[in-house]
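The values are calculated or read from the model by the stated rules, or taken from the named source; none is laboratory data. Small disclaimer: the values here were computed from a predicted structure and weren't measured. Using ideal geometry, Cβ is built from the backbone for each residue, glycine included, and neighbour counts are taken over all protein chains shown. Surface areas here come from the heavy atoms of the whole protein model, side chains and all, with no ligands, DNA or RNA. Shrake-Rupley method; radii C 1.70, N 1.55, O 1.52, S 1.80 Å.
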Amino acid sequence: MKDNDWKDRLGVVFSTNPDYQYEYQEDQEQQTLPCNQQKLRVRMEKNNRGGKIVTVISGFTGTSDDIKELGRKLKTAIGVGGSVKDGDIIIQGDMRERIVTLLKSWGYSQTK
């Protein structure tokens, strides 16, 4: 059983059942799909970024460590900055063609 920490149970107000056991939701990450089964989308965005252009790669299915590793590989290969947020890889600049070429060479076949 986990620690009996009230912060984990913020949604429960009160229970009159003396035998009540709180059920903790465990966040399970999806298993990372092989490269050839990933359905990645590469798009350019400019909105809400102060006029700066970024390339966003979305649609990655897998663990957070694996998406961070893919983001790191892309940033290193292209030589630009970027980040990984909310399941998307954000690369600075309009690098769509270079990213699609790199992803296809690494085995990501369903890149659009």
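Couple of notes before you dig in:
- Residue within the range 60-77 that is charged (D, E, K, R), in a strand (DSSP E or B) and free of Cβ contacts under 8 Å to residues at least 40 places away in the same chain present: no
- Qualifying residue in the range 40-57 (condition: open to solvent by 80 Å² or more (accessible area, probe 1.4 Å) and part of a helix (DSSP H, G or I)): no
- Scope the range 1-53; condition farther than 29 Å from LEU103 by Cα and modelled with pLDDT of 70 or more; matching residues: THR16, ASN17, PRO18, ASP19, TYR20, GLN21
- Hits in the range 87-103 (condition: more than 16 Å from GLY59 (Cα to Cα) and in a helix (DSSP H, G or I)): GLU97, ARG98, THR101, LEU102
- Test: residue in the range 62-76 that is buried (at least 17 other Cβ atoms within 10 Å of the Cβ) and touching a helix residue (DSSP H, G or I) at 6+ places or on another chain (Cβ under 6 Å): no
- Which listed residue, of GLY107, GLY82, is over 12 Å from CYS35 (Cα atoms) and open to solvent by less than 40 Å² (accessible area, probe 1.4 Å): GLY82
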